[in-house]
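Here, each number is a calculation from the coordinates, and none is a lab measurement. Computed from a prediction, not measured in an experiment: that's the story for all the values here. Here the Cβ is made from the backbone with ideal geometry for all residues, glycine too, and neighbour counts use every protein chain on show.
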Amino acid sequence: MEEERALIRKALAGDQEAFEGLVRAYQVPVYNLAYRMLGTPAEAEEAAQETFLRVYRRLQTYDVEQRLSSWVLAIASHYCVDRLRRRRGVWLSVDELPEAAVAGPVREAPEPRFLEREKQQEMQEMLACLPEGYRLAIVLRYWYDLSYEEMAEVTQTTVSAVKSRLHRAREMLAEQMTRSQARPASGRLERRLAGNALP
Amino acid sequence: MRCPEFRDWMSLKLDGRLGPDEEWQFTAHLDVCPTCAQEWRLWQDIGDLFTAPPMVEPPEDLAAQVMVRIRHGPHRGAVWGSLALLTVGAAVLVGLFILLPLADFCALAVTAAQSPGLLAVVVSALAHLLEVAAMLAEACRLLAWGIVHSPSLLATLVYLLVAVGAMAAWLRVAVFRKAPLLRG
């Protein structure tokens, strides 16, 4: 924390190397947020770059009393939500989600690689069907383990709104899961398992 | 407790936000309501799916790319200066766009009043105006793009002056090129 504050002070004084240190410290959470929200590595990379550019331009407005992680994630969240709203109406079919979207290297993967990829694909497919506000709530809750209060800080809403969005997001995920369980042969995992089954 | 209340609490239960008394009521309802118990198992499956999700690695050069964009992006002062010049340029263009066709329209009105083919003249004039407007819009778009992406204030200024001059000359030629047909 002290090291981070020192970097912030140096960056505020114009030290670009210090700012690069902050970028390296936050590139993983920012990139992952963008990837889970936007769905493709290319868009996630563009969104992550744009987020850090905005952080750089707005660094003078950063309140040192606020957690830097919340502030940076707030900027990333708003950018991703805006981007999703602009492409609303150009829905990506779940079938169009490229395989490469889950082909990136995974950290700390003790499970077999095939099952891990399938799990990632299933998660991404389910996320893709959520509206942007609900998707953001799920991503912040599960990928960043934020409390309701922290999520309210990042999304600049109230704790009640966070609770409501999480609840509604889970309801929609439950409906999706019910539909996919009702069609046992149409799911990707089920098709592959059926194809790999012994005679 | 009732089923609607139980369903409202499922999300809070997943997040560990129920108090001790609420936990007791939640568990008690599970024991007596098979429908809610089934719904709860589905929600637990969702929780399990998203528990400890993996983080993906960003591209290795992400930080380097960010710093390149920071070092080569336009400085704030240049951006505001460019915007100010763009506003002045746009005002000049709008003025030219209004004044020149206005003179043309006055001549057109006189011609139309004297000519039996009034409809043909009006259609011709509208088509002419639309053509001018479309070309002006494209020119403004190119101008804005050039100003936003210009590396320095001086380049922006030179670009703007050349663009305004070229457009004014073109407008003069474009309008008066058509004028003899209208007068005819």
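Just a few scattered comments:
- Hydrodynamic radius by Kirkwood, which averages 1/r over all alpha carbon pairs of the stretch A:1-81, in angstrom: 12.7
- For B:LEU49 and A:ARG58, a Förster radius of 35 Å and the Cβ-Cβ distance give a FRET efficiency of 0.45, rounded to the nearest 0.05.
- Among B:ARG2, A:ARG83, B:ARG69, a tally of other beta-carbon atoms within 10 Å of each Cβ gives an order, fewest to most, of B:ARG2, B:ARG69, A:ARG83.
- Here A:LYS10 is the anchor, and the aspartates and glutamates within straight C-alpha reach of less than 20 Å, apart from those fewer than 8 places off in the same chain, are A:GLU2, A:GLU20, A:ASP63, A:GLU65.
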